[in-house]
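J.: First the structure, which I've put down as structure tokens, then a few questions once you've had a look.
Each value in this text was obtained by applying a stated rule to the coordinates, not by laboratory testing. Just so you know, these numbers come straight off a predicted model, no measurement behind them. Cβ: placed from backbone, ideal geometry, glycine included. Neighbour counts: every protein chain shown.
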Amino acid sequence: SKPNTATKHKLQYCNNMIKGVIIVNNHGKPRLAKFYQSVESEALQQSVIRRVFTQVAQRPDSFCNYLEGIVPEWGEHIKLIYRHYATLYFVFAVDSQESDLGILDLIQVFVEALDKTFENVCELDLIFHSDRVNYLLDEIVMGGMVLETNISNILEASRDQGKLHADSLISTDAANGASASQIRGQLESGNGGGWQQSYSDKW
């Protein structure tokens, strides 16, 4: 279901406070990692992912979905707010002043958008369609700020992005096809024919 007015009001307070979004499976394998507060190197990014996974995975599902996180790369006063769906943890690392329920609602918006895009989303969708997953997240969060929480608007923007990408591929293929046709024409009449003849004469 779509977030109600109260939920949208809560989500407005999330602006510029999201440090990162991490999706990992039950074995700690990252399926998406978006760092809105910079982490200098790839090695440190992997360290952050491992540290976040360790902190949420050791908690039983009966526990609440937020905790004071220990992520030195993002400084002090960080909260990890997450939801555990089947084989995946969706984790948002946020400033300690953020609304726990607001971020939980935001995670739900993201998951519902994924579910509608892939029709019962699963881990394989995140692996083989990572570009579309990133499109969706970028429609919801950009630069640590919440941009959109309405499912219909998010899906429409994602579809528009998909159409642009498809049109770009068609244009590229058409251009490549024209180039290939020109090359074939040159080979069949002109220097190309001579090259084929001289090459065959050698054998």
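J.: So for the stretch 57-149, taking the charge dipole from beta-carbon charges (+1 Lys/Arg, -1 Asp/Glu), which of V91, S62, N120 sits furthest toward the positive end?
T.: My answer, from the dipole projection, is S62.
J.: While we're here: Sorted by packing (mean other beta-carbon atoms within 10 Å per residue), highest first, where do 80-89, 152-161 land? Spell out each step's value before the answer.
T.: Numbers: 80-89: 18.7, 152-161: 15.4.
Top to bottom by mean Cβ count within 10 Å: 80-89, 152-161.
J.: Please list the three semi-axes, largest first and in whole Å, of the ellipsoid equivalent to the stretch 11-159, using sqrt of 5 times the eigenvalues of its alpha carbon gyration tensor. Mind dumping the intermediate values first?
T.: Values: eigenvalues 94, 61, 47 Å².
Each semi-axis is √(5λ); the values are 22, 17, 15 Å.
J.: May I pose another question? Explain nothing, just the number: dipole magnitude of the stretch 46-155 about its Cα centre with +1 on each Lys and Arg Cβ and -1 on each Asp and Glu Cβ, in debye rounded to the nearest 20. Before the final figure, lay out the partial values.
T.: On the way: 7 positive and 17 negative charges, 66 e Å.
Taking the Cα centre of the stretch 46-155 as origin, the dipole is about 320 debye.
J.: So, in Å, what gap is there between the alpha-carbon centers of the stretch 32-61 and the stretch 109-153?
T.: 19 Å
J.: Give the calculated FRET efficiency between V111 and D160 to the nearest 0.05, with a Förster radius of 25 Å applied to their Cβ-Cβ distance. Could the numbers behind the result be given before it?
T.: Values: r = 21 Å, r/R0 = 0.85.
It comes out at approximately 0.75.
J.: Fully extended, how many nm does the chain gain between F63 and S168 (0.36 nm per residue separation, minus their Cα-Cα distance)? Each step should come with its number before you reach the end.
T.: On the way: separation 105, 0.36 × 105 = 37.80 nm, distance 4.68 nm.
Residue separation times 0.36 nm, minus the Cα-Cα distance, leaves 33.1 nm.
J.: Once amide H atoms are placed 1.01 Å from N in the peptide plane, what residues at a sequence separation of 5 or more from K19, or on another chain, have their amide H within under 5 Å of its amide H?
T.: A93, V94, D95
J.: Next question, about the same structure. Please identify the chymotrypsin sites (Phe, Trp or Tyr not before Pro) of the stretch 11-73 that satisfy two criteria: DSSP loop assignment and at most 14 other Cβ atoms within 10 Å. Which are they?
T.: On the way: sites: Y13, F35, Y36, F53, F63, Y66; in loops: Y36, F63.
Of the chymotrypsin sites (Phe, Trp or Tyr not before Pro), the ones in loops of the stretch 11-73 whose Cβ has at most 14 other Cβ atoms within 10 Å are F63.
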